[in-house]
Amino acid sequence: MSKLATVVRAGLRSNFGLATIKYRILKEKKDRWLVPLFGLAALGVVPMFYGIVLLIQNVYYVLRPMGQERALLSFGILAGQLLILLFGIYYIIAAFYFSRDLELLIPLPLRPSEVMASKFAVIVINEYLTAAAVVLPIVITYGVLARGGPGYWVNAALVYAALPVIPLAVVSLVVVVMMRFINVSRKKDALILVGSILLLVLAFGLQIVMGRSMGGGAGPDTSSAAIAAFFTSPDSLLNRVGAFFPPARWGAKAVAGGFTGEGLANLALLWGVSLLLFGAMVVLAEALFYRGLVGLGETTGKKRRLTRAEMSRRVTSGRRAFAAIFAREWKIMNRTPIFLLNGTLVVVLLPAIFVIMATVGGGGAAGGGGDGDGDAMALLKAMASANPLVVILATALFMTICGSVNGTSSSAFSREGGQFWISKAIPVAPREQAAAKFLHSYIVAVLGVITAGVVSAVVFHLGAAHLAAAAAIALVAGVLLTVVGMAIDLARPLLDWVNPQKAIKQNLNVLLGMLADIGILTIVYFGVKALVKAKLATNAVLGIVFAALVALSVVSYAALLKFADKRYPRIES
């Protein structure tokens, strides 16, 4: 086995920790409760994916008579690559520059390009899992409905294998150059955070510009002849969706084309560009990777001597224990770029990504009388004027997802890492520490609800009454989901992580938390469906849903505090 393959294998074992889980379950006979929990989580996710498959099927049958069904593939691949781009930025920075195993890898007889390539391979494999929930349902459902032959399935596998390479390679090129200059500054963490945000803004801004340019700068032609030409032209919708990110169009045409000349040509183009960018990353890594690592582990201070009065004030501040624990949580989250980017900023970025995806294919506002909306945005606005119950609950779901479906609560205890022993030693009751952690995680959820509410008000022009009702449900649901995520992390906190990335992005508790959230939201969906079937009024349905969520939230919060008192002394830090 080559040196590179050995390092990749070691990185995968460290990344997923499957050997550790197997040992704890089979040998130490611990964490056996994970087995039935995974089974229940899988059962909870099945209805959601069934609904997604039905939605994809309906969209396919709508687009097929117009010859536009291949746009489905382009949209799925585009969504997957945007997701990879979003999380890949944090992942690249953490794995390349903040992983503790670099102290072991650098002294080994490995070239800088080999170290970076091994880490890049581990990241690519992780992103296959990230994109699977978005891309695979569309690709598989399309293949079954279109009766795809061997060429379809072979090309689909090859396109999926190349899916993360282009966005991750582009991010890697920018990050390597950026870190070469950041490491000479005293404000490394702040510059890394600002640089990551600017990189995200640049990436999404470039995609918007590309999409607008393909849509026509003078506005869409809304004449009947233009509309007829658009829908009778093969793949016109695919090209408009693919204008956001050309590799998505190449991938869609490669999968749908199979072993035809078009399919093989687009497959070759996709893989050619992927290999070219990967090669450029390897060359750049050889020159700049180790230079960017120099000085990252150093810290600086103001070196100012404190007066006796200042020292006395800081040591005996008189701050309540609850406020002190909350302030510590805030500092841990905000002073670590990986935690901040994967937690707090996600609740702001998700609504932004939603707006960007919904404006795919939009043209300019001038000329043709368009308002800058894309095809998806027009459909969503039409739905927003439908049944008020559907509008309120859909908005509440959007707010809940933006606020609560992230790794903040389900990594609340894991983020302390090897310093958790301090939490066990300080004279503060575990329930009070858990309450402070809850408040921090819930504030992040509230921020997501506010951001999603602003998007709903500005983009979809929802009324104040609808927004207030949706926000009330989302805020109460946020309490329940936050408590569930914290309980999962408290049951088995990941404290022996080697880099901050592992505590939130590679933490099994985060996955379990998201599966639990999906299961809870699925139960709420079926509950609402039963209430609607009983022909209850809109206000009655909303009132019952709100009351049920309030009751569950109160009970679950009390249970969390009681669980903290029992669990804290048993945690091995």
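The values are calculated or read from the model by the stated rules, or taken from the named source; none is laboratory data. Model, not experiment: these values are computed from the prediction. Note that each Cβ is placed from the backbone with ideal geometry, even for glycine, and that neighbours are counted across all protein chains shown. For accessibility, only protein heavy atoms count, side chains too; no ligands or nucleic acids. Shrake-Rupley method; radii C 1.70, N 1.55, O 1.52, S 1.80 Å.
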What's the number of the condition Ala436 fails, among (1) more than 18 Å from Lys562 (Cβ to Cβ); (2) open to solvent by less than 20 Å² (accessible area, probe 1.4 Å); (3) of a type in the set (Gly, Ala, Ser)? (1)
Test result for Ile106, among the β-branched types (Val, Ile, Thr), over 30 Å from Ala146 (Cα atoms), outside the structural domain of Asp496 (by TED's automatic domain parsing) and open to solvent by 20 Å² or more (accessible area, probe 1.4 Å): yes
Taking the criterion of being under 29 Å from the mean Cα position of the chain (by Cα) and closer than 30 Å to Pro388 by Cβ, would at least one residue in the stretch 483-504 satisfy it? yes
Single residue of Lys502, Lys566, Lys562 found to be without any contact (Cβ under 8 Å) to a residue 40 or more places away in the chain and basic (Lys, Arg): Lys566
Counting just the residues of the stretch 257-276 that are surrounded by 15 or more Cβ atoms within 10 Å (Cβ to Cβ), of a type in the set (A, V, I, L, M) and within 29 Å of the chain's Cα centre (by Cα), which one comes out nearest to Ala117 (Cα to Cα)? Val273
Would you tally the residues in the stretch 144-177 being closer than 16 Å to Leu85 by Cβ, in contact (Cβ under 8 Å) with a residue 40 or more places away in the chain and either among the acidic types (Asp, Glu) or part of a helix (DSSP H, G or I) (or both)? 11
Give the residues of the stretch 417-434 that are within 26 Å of the chain's Cα centre (by Cα) and either β-branched (Val, Ile, Thr) or at pLDDT 90 or above (or both), sorted by residue number. Ala434
Could you tell me whether Val124 is within 14 Å of the chain's Cα centre (by Cα) and either buried (at least 16 other Cβ atoms within 10 Å of the Cβ) or among the aliphatic types (A, V, I, L, M) (or both)? no
Flagged in the stretch 493-521 as in a helix (DSSP H, G or I) and open to solvent by 20 Å² or more (accessible area, probe 1.4 Å), in numbering order, are Pro500, Lys502, Leu508, Leu511, Met514, Leu515, Ala516, Ile518, Ile520, Leu521
Restricting to the stretch 44-90, count the residues that are basic (Lys, Arg) and either touching a His at 6+ places or on another chain (Cβ under 9 Å) or assigned to a helix (DSSP H, G or I) (or both). 1
Qualifying positions in the stretch 531-573 - under 30 Å from Phe322 (Cβ atoms), open to solvent by 50 Å² or more (accessible area, probe 1.4 Å) and in a loop (DSSP other than H, G, I, E, B): Glu572, Ser573
Val455: of a type outside the set (D, E, K, R) and buried (at least 19 other Cβ atoms within 10 Å of the Cβ), yes or no? yes
